[in-house]
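Working notes, beginning with the structure itself.
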């Protein structure tokens, strides 16, 4: 473990010594375009709310079906057969 800590400290020191210069304009523009594409592809808040509503509704339906199935199954098993 001490070797790993020493290696991490060495790497941290080397990273601090790197020159910090601003990115070239073409690179910055390309990154901003890529980030803009990601933002445009993200779903709208309304669509996210509909997705949560659909998941909640399906969960309620699944629990209801399970409860009904379980209650009828218990009644069918508990009935005397003779």
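A few notes on this one:
- Evaluation of residue 13 against the conditions (1) surrounded by fewer than 10 Cβ atoms within 10 Å (Cβ to Cβ); (2) modelled with pLDDT under 85 shows that the sole unmet condition is (2).
- Comparison of 4, 20 shows that the only residue that is loosely packed, with under 10 Cβ neighbours inside 10 Å, at pLDDT below 85, more than 18 Å from the chain's Cα centre (by Cα) and assigned to a helix (DSSP H, G or I) is 4.
The values are calculated or read from the model by the stated rules, or taken from the named source; none is laboratory data. The structure presented is a predicted model; accordingly, all values stated were derived computationally and were not measured. Positions of Cβ are backbone-derived with ideal geometry, glycine not excepted, and every protein chain shown enters the neighbour counts.
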